Amino acid sequence: MSNALAASVELLYGSAARSTEMLSQHWFMFMPSVIGGASYQAYRGTIEQNKLFREEQRAYLKKTYAQAEISI
């Protein structure tokens with residue numbers, strides 16, 4: 001695996017050379033795409049949820065306050 005946690009601990013202890021040796025390059029290069037993909041998916045999901053909320057809120061407000069006489 002990537003040994004990222006163990007490498008981070010070694011880096012915190014101050015041994016950067018040992019930390020670099022512990023990392024598997026393939027996994028280390030793969031992780032940014034995983035994190036980036038998860039971030040993008042969370043962003044897109046949030047946008048879609050906000051759209052659904054606006055539609056639901058609009059329908060609720062129209063149903064609840066459509067007959068109300070509001071003068072400003």
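The values are calculated or read from the model by the stated rules, or taken from the named source; none is laboratory data. This structure is a prediction, so every number in the text was calculated from the model and none was measured. Neighbour counts run over all protein chains shown; Cβ positions are idealised from the backbone, glycine included.
Here are the numbers for this structure:
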item: Every pair of residues 6+ apart whose Cβ atoms lie under 9 Å, when the first sits in region 28-49 and is more than 23 Å from A4 (Cβ to Cβ) while the second is loosely packed, with under 10 Cβ neighbours inside 10 Å and polar (S, T, N, Q); result: none
item: Candidates A7, A68, filtered to the one that is among the aliphatic types (A, V, I, L, M), without any contact (Cβ under 8 Å) to a residue 40 or more places away in the chain and in a helix (DSSP H, G or I); result: A7
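A quick yes/no check of all residues on (1) at negative phi; (2) modelled with pLDDT under 90; (3) hydroxyl-bearing (S, T, Y):
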site	(1), (2), (3)
T20	yes, yes, yes
F30	yes, yes, no
I35	yes, no, no
A42	yes, no, no
I47	yes, no, no
F53	yes, no, no
Y60	yes, no, yes
